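The values are calculated or read from the model by the stated rules, or taken from the named source; none is laboratory data. Since we're looking at a predicted model, the values are computed, not measured. Glycine gets a Cβ as well: all are built from the backbone with ideal geometry, and neighbour counts include every protein chain shown. Areas reflect the complete protein model, heavy atoms only, side chains present, ligands, DNA and RNA absent. Shrake-Rupley method; radii C 1.70, N 1.55, O 1.52, S 1.80 Å.
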Amino acid sequence: MKKIILSVLTSVSALFFFGACKSAPVYITDNSPVAIITIIGNPDMPWLSEDESEDSTSGLITGTMNTLLGTENPEISGAVDRLDYADESVRKILPEVAGCQVINKSDVISSKRYKKLGESYFNFLDSIKRGTNYKDFTTIGGKNARMLAKELNANSLLIMDLNCFKKRVNKNACCAVIDLKMKVISSKGKEIINKTYRTESKNVEKDGSYYDQDELIAAIPAAIDAAVMQFALEYNNPDAIPGEEASASDGTTAEQTEDLSRYAVPLKIKAKTNAEPAPEQTPPEQN
């Protein structure tokens, strides 16, 4: 009998212990301000096959050929433009939706430690593209992350990996597919968020193998906005105190920015969000 009681007590104690040790939810709101330190992506837009895998390679030789042959192909020549747009999208949406400040890009790339740090070797043999003036710190390491965050007065660092593809919707249509990986490192050098968001653009007409490349490229920004919005909503702290909106990196506040309805594009959202819309508040009646 004593053994049974002891076993029960041990089990109950273990439940309390693991319950107490359960990590609290992570919110980007609580890790403000954030510094974007890396934005990388693929150099072209390969087709996705039916099993969702790439049907083209992105090695060093392929990247060199793309550079030589793709000057007239907007899917290749616009690779850096897509990364720069993702940078702007994050700087716009995070302050508005998640109340998270984003440190000015110029302050990040001009900092002494940012200039001094060597780039990651992880993607050395891949023909990745980098956002304008960004370095590849995909594998920055905990110590370097802590020191860089301290110099920038940042509570977190953001590494973005944006990959764009084409998808055959049916025999008469195709669309752009966006995979946006968001990795957030805390000021203590610990990885606290690592998640990929997939969105699809509106459909573009396709006749056999022909489709309008410019029309497809024009549909990508909305898909990028939608992916960033998913991230902002999922990691927005719902318990944040109302009225304490953070300022955007350009000095504007949420009240000065445009209507967020422009992000509500009819896209096929793949990743789920945890956030729920806040209840509407009615003003008190005047006596």
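Solvent exposure of GLU88, expressed as accessible area, is near 110 Å², computed with a probe of 1.4 Å over the protein chains only. A simple count of charges around ASP212, restricted to other residues whose Cβ falls under 14 Å of its Cβ and scoring Lys, Arg +1 and Asp, Glu -1, yields -2. Residues in segment 90-210 average 49 Å² of solvent-accessible surface per residue, probe 1.4 Å, ligands and nucleic acids excluded.
Listed peptides 135-143, 166-174 appear in the order 135-143, 166-174 once ranked by packing, highest mean of other Cβ atoms within 10 Å at the front. Note on TYR121 and LYS171: the extension gain reaches 13.9 nm, defined as 0.36 nm multiplied by sequence separation minus the Cα-Cα distance. A 1.4 Å probe, protein heavy atoms only, puts the accessible area of GLU200 near 10 Å². What a 1.4 Å probe finds exposed on segment 158-243 is 46% carbon and sulfur by accessible area, rounded to a whole percent.
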